[in-house]
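Trainee: Sharing a structure, written as structure tokens. Questions coming.
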Amino acid sequence: MNNNQNHKYLPKLKGLVNQPNSWNAFKEHLDVLLEAQHRTMEQAIDPVDIYKAQGAVQMIKYLKGLRDQVNASLESKK
């Protein structure tokens with residue numbers, strides 16, 4: 001996805017990422033998911049399961065950085 005497409009939806013997420021209660025609850029949920037994926041990687045025998053868990057970890061980390069992305073996109077529009 002290119003940057004122009006990213007900027008279309010990022011401002012719409014401002015309400016989620018800038019509400020401390022909502023954002024903190026969302027981050028806690030992501031932390032639980034991250035721990036589960038790490039356990040999956042530790043216990044996996046099949047390399048495919050490890051790769052899937054690695055992809056999930058990458059996406060969870062992306063989502064944890066969403067607040068910074070949204071706020072950066074809003075700053076760049078000023």
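The values are calculated or read from the model by the stated rules, or taken from the named source; none is laboratory data. Model, not experiment: these values are computed from the prediction. Methodologically, a virtual Cβ is constructed for each residue, glycine included, from the backbone with ideal geometry; neighbour enumeration extends over all protein chains shown. Calculation scope for accessible area: heavy atoms of the full protein, side chains included, ligands and nucleic acids excluded. Shrake-Rupley method; radii C 1.70, N 1.55, O 1.52, S 1.80 Å.
Trainee: Hey, if you put +1 on the Cβ of every Lys and Arg and -1 on every Asp and Glu Cβ in the chain, which of Ala25, Ala36, Tyr9 ends up farthest toward the positive end of that dipole?
Mentor: It is Tyr9.
Trainee: Within the chain, what whole-number % of the accessible surface is contributed by carbon and sulfur, with the 1.4 Å probe and all protein chains included in the calculation?
Mentor: Details: 3050 of 5770 Å².
The value for the chain is 53 percent carbon and sulfur by accessible area.
Trainee: Another question, if that's okay. Compute the accessible area per residue over the chain, keeping the other protein chains in place, probe 1.4 Å, unit Å². Working shown, then result.
Mentor: On the way: 5770 Å² over 78 residues.
Result: 74 Å² of accessible area for each residue.
Trainee: Further question: Quick one: how many Å² of His38 are accessible to a 1.4 Å probe, rounded to 10?
Mentor: 70
Trainee: In nm, give the distance between the simple-model label positions of Glu42 and Lys8, each being 7 Å from the Cα along the Cα-to-Cβ direction.
Mentor: 4.2
Trainee: Could I ask something else about it? Roll a 1.4 Å probe over the protein heavy atoms and report the accessible area of Glu35 in Å², nearest 10.
Mentor: 110
Trainee: Which shape class, rounded, prolate or oblate, goes with the chain when its Cα gyration tensor gives a ≥ b ≥ c as root eigenvalues, a/c under 1.5 marks rounded, and past that a/b bigger than b/c marks prolate? Can you show the working numbers first?
Mentor: Details: a/c = 4.36, a/b = 1.85, b/c = 2.36.
Oblate shape, in that a/c is at least 1.5 and b/c is the bigger or equal ratio.
Trainee: A further question follows. Across the chain, how many lysine pairs, 8 or more positions apart or on different chains, have C-alpha atoms separated by under 20 Å? Please give the number.
Mentor: Number of lysine pairs found: 16.
Trainee: Taking the Cβ-Cβ separation of Tyr51 and Gln19 as r and a Förster radius of 30 Å, what is the calculated FRET efficiency to the nearest 0.05?
Mentor: Details: r = 35 Å, r/R0 = 1.15.
Once the sixth-power term is evaluated, E becomes 0.30.
Trainee: Dipole size in debye (nearest 20) for the chain around its Cα centre, Lys and Arg Cβ +1, Asp and Glu Cβ -1? Display every interim value, and only then the final one.
Mentor: Details: 11 positive and 8 negative charges, 122 e Å.
Approximately 580 debye in magnitude.
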